[in-house]
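Chemist: If you scroll down you'll find the structure; I have some questions about it.
The values are calculated or read from the model by the stated rules, or taken from the named source; none is laboratory data. Remember, it's a predicted structure, so these values are computed and weren't measured experimentally. Every residue, glycine as well, gets a Cβ built from its backbone with ideal geometry; the counts of neighbours run over all protein chains shown. Each accessible area value is taken on the protein alone, full model and side chains, heavy atoms only, with ligands, DNA and RNA left out. Shrake-Rupley method; radii C 1.70, N 1.55, O 1.52, S 1.80 Å.
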Amino acid sequence: MAALLALTAQAQVTIQGQLKNFKFPDYYPAASPRQTNQQLRTLLSGAQAWQQPGGQVQIKGLRIETFREDGRPELDVKAADCVFDIRTREAVGAGRLEVSSANGLYALEGEGFRWWQSNAMLVVSNRVVATLRRGLLAARSLDTAALTNQAAATSEVVRVSSDRCEFDSQAFRAVQSGHVKVDDPQMEIGCETLRVQFSPARRLEQLAAEGGVSVLNKADGSRATAGRALYELNQDRETISMLDRPLWRDRDGRQEARAERFVFDRTSRRIRGEGGAEMRLMRGNFTQPALGLAPSANPTQAPPQGADTNQIVITSDTLALDLPAPGRPMRTATAEGKVVIASAADAMRATGDRAVYREDTGAIELLDHAVWTAGDRWVRAKAFSMDRTNRVFTARGKALAHFPLGGAVRSLAAGNATNRPAATNLVLEVESEEMVYWTNTLVFLGDRVLARLYEGPRLRGDLGCGRLTVRFSNRLERIEAETRVLAQEYPPPGAAGRQITNMLNCETLTVEMAPDERSARLTAATNVQAAQVQLNPPPARTVVTELTCGRLTALYLPKAGKVEWIEATEHVAVAQEDKRARAGRAVYSEADGRAVLSDHPYAEFENGRILNATELIWNRTTRAFRGVGAGTRIELKPPAGGTNLSLPLLPFR
C-alpha cells in the first residue's frame, strides 16, 4: 500500500497482504472539540510491512519519529525490523536499535527493544551505548540552531554504556541501568543506575548516578567513590555532587579525603567536601623535623590504641581539592573551619581556622589562630607553615612557644648551688614575630624577641633580643642572641633573705655547651654592659656592681650553678659603690674570688686613686683593691685645707 494509512488510536483495522511505506500516526489530544487538525505526536512507519495473526504487523525498515506540541521534531528511532501490535500499540524488536535527537546532540544504540506509542516509552534491553556531545552538557537549551552548530564544531563526546535503558519522553527522563559506565574526556564514571532528567524545555537538568558510584579523574588517576552522585547545571556552573559516604583517593593511595558531601566543579576542577571533612596524608609526605619539633627523648604520651601511626590526618568543616588543570599541574587542598592536623606517631596536634596543602612542595600552611601541641610543648601564632622540600617549620605573627626543659637545658638553668634548689619544672617561653625550625635548629625573629624562663609559676630569668638561635642534637649545643641583647636572671632568695639580680646588655651573646654538658662557655660582644644588684635585708644597704667592656667571655659550670671564670677585654670598666676601675683586660676567678685588671689599669675611690700599676687585684669578698708593680702609686685626697698624699703600694678597702 503506497498511500498513507491514516488510523486513529480507537480505529479497528484489518490489514491483509504486504504493505509498503506503512505509517501509523498518533496525535496530541485536541485542544477543543472544534479542532479538526490535531498535532502529530508520534509516527511509526516501515519500508515494508506484513499482516500477522492477532492484529500484529511485521515491519522491516522501522522508523519512529516523535514531535513536540509545536510540531518540531524531537527523536528519530530506527531499527531493521520489529513486530507492531496495533491493538496495544507496542513495537517489539530483538535486533539493533538506533536513536538520535533532532538537534544531533544525543544518540543511543542497543539490542532488543520495546516501544509503547501510547506514552512514548522506549526500553532497550541489551548492550546500550548512549552518546552525548560535549555541547549538551554545557548548554542551557537543546533547541537552538546555534547549539547544533556549536555541537557539530566540537569532537568531544560523552559515551554512556549500560545493560539496559528506559527512555520516557513524557517524563523527559532516560534511565540506564546495569554496569553503567560514563566515558568523558576528563573522567570516567561507573555506577549501577544513571538517570538523565530534562526540563519540559528539553534543557538538561540533572544526571543522577546511584549504586557503587565511582569517578576516575583521567588527568591524575585519582578516584572518588560514593553511594550516589548528582550532575547539575546551575548558572553556567557544571557540578557533580557525591553523597552517601563519599571518599576520594589519589592514584597511589597515599592521600584520601572524606566528607558528608563532595561537590566537583568541572569548570574550576575543584572538589569541595562539606560536613565533617577529613583528609589523610602519608606521613612520608613530610619530614620528621617539620612535625616533631625535637620530640622528647622519653615521650610521655603514646599514640592512641588503633591509631594509624603512618598518616597525617586533617579534619575540618569544609575541604577543597584543586585538581591538576592547565597552568596548575599539581593538587592543592584547602581546609576551612575548625581545622585539626594530627600525627599519632608524633603525638602532635595542630589547630587553626584554615589550612592549605600543596602537593608539589608537600607544604602545609595553617592560618588564623594557629596552635601546635606535642605532649607538654606548644606553639601559638597567627599562621604556621610546614615545608617538606626545605624541611622547615615556621610560625608567623605573634608567635609564642612553650617548651618544658630537661636534660642539659634543665641542668644549665638550675645547677646544684645551695641557694638554688634542684629544678624539676623549668619551662621556657619565647615570644617573637616569627619562629623557624629546621633540623636541630630553632630561630626566633622579630623586632623584639623575648624569652622567659619559669620555675613553676616563678620567673627565673628573661632574655630580649632581635634574633635568638638555639642549636641542639640529643642535647643542647649552642644558643645565639643578636641585636640589642638584654639578659636578666632572678635567682631565688639566698641566705638571710638576700636577693641578687644579674643583668647583661650587649649586641651578641653566645652560649656553647661542652660535649659532656659539664660546662658552658658564654661570649658577649659589642657594647657589653653587665650588672649585679644585691638586695640585702635592712639595715644592710643595696650593693650594685657594674662592668662594661667590648667583649666578655665566661665559663659556667651547670652542675655547680656558678661561674668558674670571667674574662673581659676592650675598654674594661668596673664600678661598685664609690669605687671605679679601668683596664684593657680583666680576669675573674671564682676559685679565689679575685679579679685581676691589667693593661694600664687604673682605679679611683672616694678619697683617692691608684696609678701606674702593672696589675690591679680586686678581692670580691673584702671589696679591696691592691696594686701590683714597681711603679704603682696611690694618691689620697687630703682633708679640707691639707695637701695631697702620694703613697706607694698601699692596699685599701
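Chemist: Restricting to Cα pairs below 8 Å that are 6+ residues apart, what does the relative contact order work out to for segment 490-638? Please round to a whole percent.
Modeler: 13
Chemist: Let me ask something additional. Within segment 320-398, what whole-number % of the accessible surface is contributed by carbon and sulfur, with the 1.4 Å probe and all protein chains included in the calculation?
Modeler: 50
Chemist: With each pseudo-label sitting 7 Å past Cα toward Cβ, what's the K60-E260 distance in nm, one decimal?
Modeler: Distance between label points: 6.3 nm.
Chemist: For a quick check of your reading of the filter: which GluC sites (Glu not before Pro) in segment 29-75 sit in a DSSP loop and have no more than 16 other Cβ atoms within 10 Å? Could you put the intermediate results ahead of the total?
Modeler: Values: sites: E65, E69, E74; in loops: E69.
Sparse-neighbourhood loop GluC sites (Glu not before Pro): E69.
Chemist: For a label point 7 angstrom out from the Cα of V92 toward its Cβ, which stretches of segment 18-62 have the backbone nitrogen within less than 15 Å?
Modeler: From segment 18-62, the list is 52-59.
Chemist: Contour minus end-to-end for A325 and E111, with contour as 0.36 nm per residue of separation and end-to-end as the Cα-Cα distance? Could you put the intermediate results ahead of the total?
Modeler: Values: separation 214, 0.36 × 214 = 77.04 nm, distance 3.87 nm.
Length difference between fully extended and current span is 73.2 nm.
Chemist: Using 0.36 nm per residue of separation minus the Cα-Cα distance, give me the extension gain between R478 and K637 in nm, one decimal.
Modeler: 52.3 nm
Chemist: Restricting attention to segment 524-560, which trypsin sites (Lys or Arg not before Pro) occupy a DSSP loop and are surrounded by at most 11 other Cβ atoms within 10 Å?
Modeler: Working: sites: R541, R551, K559; in loops: R541, K559.
Hits after loop and neighbour filter: R541.
Chemist: While we're on this one: Run the reach check for K382 against lysines, Cα to Cα strictly under 17 Å, same-chain hits fewer than 8 apart removed. What comes back?
Modeler: K338, K398
Chemist: Oh, and also: Counting alpha carbon pairs within less than 8 Å and at least 6 residues apart, what relative contact order, in whole percent, applies to segment 65-135?
Modeler: On the way: 143 pairs, mean separation 16.8, N = 71.
Taking the mean separation of contacting Cα pairs over the length of segment 65-135, I get 24 percent.
Chemist: Which semi-axis lengths, in whole Å and largest first, follow from the square roots of five times the eigenvalues of the Cα gyration tensor of segment 533-572?
Modeler: 25, 18, 5
Chemist: From the phi angles alone, apply the Karplus equation (6.51, -1.76, 1.60; θ = phi - 60°) to segment 574-581 and give each ³J(HN,Hα) in whole Hz, x where the residue is Gly or Pro.
Modeler: My calculation for segment 574-581 gives 10, 9, 8, 6, 8, 9, 9, 9 Hz in order.
Chemist: So if each residue of separation counts as 0.36 nm, and I subtract the Cα-Cα distance between N527 and M282, what length gain in nm does that give?
Modeler: On the way: separation 245, 0.36 × 245 = 88.20 nm, distance 5.09 nm.
Once the chain is fully extended between N527 and M282, it gains 83.1 nm.
Chemist: Which lysines have a Cα less than 18 Å from the Cα of K78, not counting those fewer than 8 places away in the same chain?
Modeler: Correct list for K78: K20, K23, K60.
Chemist: Here's a follow-up. Return the FRET efficiency for the residue pair R448, T332: r is the Cβ-Cβ distance, R0 is 35 Å, and the value is rounded to the nearest 0.05.
Modeler: Numbers: r = 35 Å, r/R0 = 1.01.
The pair R448/T332 has a calculated efficiency of 0.50.
Chemist: Same structure, new question: Tell me the relative contact order for segment 425-492 as a rounded percent, counting alpha carbon contacts under 8 Å between residues six or more apart.
Modeler: Taking the mean separation of contacting Cα pairs over the length of segment 425-492, I get 27 percent.
Chemist: Sticking with the crude label model, points 7 Å out along Cα→Cβ, report the distance from N619 to R251 in nm, one decimal please.
Modeler: 8.4
Chemist: Report the label-to-label distance for M503 and R34 in nanometres (one decimal), using points 7 Å from each Cα along the Cα→Cβ vector.
Modeler: Distance between label points: 11.0 nm.
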